[in-house]
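*Asks:* Once you've had a glance at the structure underneath, I'll fire off some questions.
Each value in this text was obtained by applying a stated rule to the coordinates, not by laboratory testing. Owing to the predicted nature of the structure, the values given are computational and were not obtained by experimental measurement.
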Amino acid sequence: DCDACRPGFAQGEYGASVCQACSPGSFADKVGFSACASCSPGTFVAEPEATSCGFCSTGDFSSVDGATSCSSCNNSMTTLFPGSSSPSDCLCGEERYLPCLALGGDGACALGTAFPPGVSCLACPAGFHCAGDLEA
């Protein structure tokens, strides 16, 4: 007589009599899962036996499947929304900008430009409007 695995657990193999807890980075949200699902990029779960994954907080991201934590944006940058899945989602917030080493023809940072190491987002200079991201 077989019982279905409760949420947070999966059977693992057909005919197995013991349910296995989902490991951190994975979840089972319904009864009777045969395998735990991995958290998708932008989400994570740190604890075993999870029934869902949580979104990375604003200012953090996760770019891998099965994440157990999220990474923080560098240089005092943030993200526009929770659940970001790439470091390229990180940008300076409203009324801030990140200086760059080379400007393109439009006055914005040239594509592929490296940012000075250790430089953080700066306050927008007086008389300018900074919409955030990489330009002043």
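*Asks:* Across segment 38-98, what fraction of all alpha-carbon pairs, as a whole percent, falls in each successive 5 Å bin from zero upward?
*Replies:* Binned Cα distances yield the sequence 5, 23, 28, 19, 12, 7, 4, 1, 0.
*Asks:* Taking H as built 1.01 Å from N, whose amide H comes closer than 5 Å to the amide H of residue 22, not counting residues under 5 places away?
*Replies:* Here the answer is 9, 10, 49, 50, since their amide H atoms fall under 5 Å of that of residue 22.
*Asks:* Using 0.36 nm times the number of residues separating residue 126 and residue 29, minus their current alpha carbon distance, what extension gain do you get?
*Replies:* Numbers: separation 97, 0.36 × 97 = 34.92 nm, distance 5.13 nm.
Extra length from residue 126 to residue 29 when fully extended: 29.8 nm.
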